[in-house]
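Read through the structure below, which is laid out as structure tokens, and then see the notes.
The values are calculated or read from the model by the stated rules, or taken from the named source; none is laboratory data. It should be emphasised that the depicted structure is a prediction, and the values quoted were computed from it without experimental measurement. No Cβ is skipped: glycine too gets one built from the backbone with ideal geometry, and neighbour counts run over all protein chains shown. These accessible areas exclude ligands, DNA and RNA; they are computed on the full protein's heavy atoms, side chains included. Shrake-Rupley method; radii C 1.70, N 1.55, O 1.52, S 1.80 Å.
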Amino acid sequence: MSKPQEVNFITGNANKLSEVRAILEPTGIAVRNQALDLPEIQGSLEDVTREKCRVAADLVGGPVLVEDTCLCFNALNGLPGPYIKWFMKSIGHEGLNNLLVAYDDKSAQAVATFGFCEGPGHEVLLFQGRTDGKIVPARGPTHFGWDAVFEYEGETSGHSYAEMDKAKKNKISHRGKALDALQQWMASRVTKRVESEK
């Protein structure tokens, strides 16, 4: 019998950790956690995640999972993008809305990019999820990043991420989509391993 699957998620964000556990653990993937201070380089979404993952694998000396989350405003050619964390700290929800005051286009895309690495020197694999929406005045609880200003566009549109039921949000969110891709990849690895042991 193969051992249970496990990932070591590197984050100090309790909300992110809770969501990742809620999405992955029902699929049979145990989520351990370590908080490390990782550098955030400038670059594309993929470059930022790849470098964070490489550094984390070196520091831990083993397998790691990292995430970089972006909020891309279409009117601003994708900004704030990977720098959303710093924008939020600096200008908050109201400031994010003010960035788009001069534009009719309030559309945005939430992007989660997870990086998985087996350990030092190994290739970093990326799993990405994207969800379309728009930027709205803050609605709902404001304790989880920019969730209160991002309104999902889809079957259940009309609600900000912060107003949505957690389970419903996890099914349609950028993070849920990226983790679904990761889970499918991990399941295919197990299948290959089982077949090779026959």
Legend entry - Enumeration of residues in segment 173-198 that are at pLDDT 90 or above, open to solvent by 30 Å² or more (accessible area, probe 1.4 Å) and of a type in the set (A, V, I, L, M, F, W, C): Ala181, Trp185
Inset, instruction - Check off (1) farther than 18 Å from Leu65 by Cα; (2) of a type in the set (Lys, Arg); (3) open to solvent by less than 80 Å² (accessible area, probe 1.4 Å) for Lys168 and give me the number that stays unchecked. - result: (3)
Inset, instruction - Mind listing whichever residues of segment 84-134 are more than 23 Å from Lys169 (Cβ to Cβ) and hydroxyl-bearing (Ser, Thr, Tyr)? - result: Ser90, Tyr103
Legend entry - Tally of residues being at pLDDT below 95 and open to solvent by 60 Å² or more (accessible area, probe 1.4 Å) across segment 64-78: 0
Inset, instruction - Identify the residue in segment 28-59 that is among the β-branched types (Val, Ile, Thr) and either crowded, with 17+ Cβ neighbours inside 10 Å or modelled with pLDDT of 90 or more (or both) and, among all such residues, is farthest from Gln5 (Cα to Cα). - result: Val48
Legend entry - Verdict on Ala112 being open to solvent by less than 60 Å² (accessible area, probe 1.4 Å), touching a Lys or Arg at 6+ places or on another chain (Cβ under 8 Å) and of a type in the set (Gly, Ala, Ser): yes
Inset, instruction - May I ask you to list the residues in segment 9-47 that are in contact with a Gly (Cβ under 9 Å, 6 or more places away or on another chain) and β-branched (Val, Ile, Thr)? - result: Ile23
Legend entry - Close pairs (8 angstrom Cβ cut-off, 6 or more residues apart or separate chains): touching a residue at least 40 places away in the same chain (Cβ under 8 Å) and on the phi < 0 side of the Ramachandran plot in segment 84-98, aliphatic (A, V, I, L, M) and open to solvent by 30 Å² or more (accessible area, probe 1.4 Å) anywhere: His93/Ala138; Glu94/Ala138; Leu96/Met88; Asn97/Ala138
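Return the total of residues in segment 49-71 being free of Cβ contacts under 8 Å to residues at least 60 places away in the same chain, under 20 Å from Gly129 (Cα atoms) and over 13 Å from the mean Cα position of the chain (by Cα). Working first, answer last.
So in segment 49-71, the residues free of Cβ contacts under 8 Å to residues at least 60 places away in the same chain come out as 51, 55, 59-64, 66, 68, 70.
Checking the rest, the ones that are also under 20 Å from Gly129 (Cα atoms) come to 51, 64, 66, 68, 70.
From the residues that got through so far, the ones that are over 13 Å from the mean Cα position of the chain (by Cα) too are 51, 64.
The total comes to 2.
Looking at Ala148, Ala138, can you tell me which residue is in a loop (DSSP other than H, G, I, E, B), over 15 Å from the mean Cα position of the chain (by Cα) and at pLDDT 95 or above? Let's see the steps before the verdict.
Details: Ala148 fails: in a loop (DSSP other than H, G, I, E, B).
Matching residue, one of Ala148, Ala138: Ala138.
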